[in-house]
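Read through the structure below, which is laid out as structure tokens, and then see the notes.
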Amino acid sequence: MMKILNRYHYYTFSSYLLAISVIIITSAIVVGISWLIRDNEFFYIPNTLTFGIFIPDYILLGVLVLVTSIIFYFDVYKHYMIPVVLFLSGGWSNGIEKLLFDSVTDYIPFINSYINIADIMIWVGLIWLNIMIWFFPSKSDLLESKLSNPENRTKK
């Protein structure tokens with residue numbers, strides 16, 4: 001029994017480590033791209049607002065830590081790792097860039113405004129996550145819904 005428990009914890013730790021390392025690497029790449037683009041003043045638009053409103057940096061950092069903690073605490077990332085990592089990578093990229101440069105670099109023209117790679121990662125991750133949750137629920141979600149339904153319980 002002890003070997004199975006240790007193997008389970010090993011894989012859980014490995015998945016944590018993999019998700020966090022991918023978030024760190026992609027955030028560093030996106031912030032690096034934004035830093036390189038900042039040298040060309042005609043190519044980007046600095047965005048000092050978060051979701052169109054001014055949010056102090058310490059509140060933004062607190063929200064990022066809280067959302068990341070909730071996602072890892074409830075093991076959401078295990079069933080939907082790729083969309084969750086995309087979402088968190090985009091959020092942390094924008095947060096780190098806002099902390100380092102006091103603004104987020106938007107450099108991709110999109111409809112009537114500008115966006116950056118981190119914004120695309122956030123939206124793709126959220127849309128993908130919603131599609132996965134609504135149309136392709138994990139086996140544990142299906143089992144939990146069956147167990148919580150009183151009609152599926154056997155009477156003694």
(request) Give the peptides 84-93, 66-75 in descending order of average Cβ contacts within 10 Å, highest first. (result) 84-93, 66-75
(request) Fewest Cβ neighbours within 10 Å first, please rank 98, 78 accordingly. (result) 78, 98
(message) Quick check on the exposure proxy: order 132, 121 from fewest to most C-beta atoms within 10 angstrom.
(response) 132, 121
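Values quoted throughout were computed directly from the atomic coordinates according to the rules given, and no laboratory measurement underlies them. Just so we're clear, the structure is a prediction, and the values are computed from it rather than from any experiment. Glycine also receives a Cβ, built like all others from the backbone with ideal geometry; neighbour counts cover every protein chain displayed.
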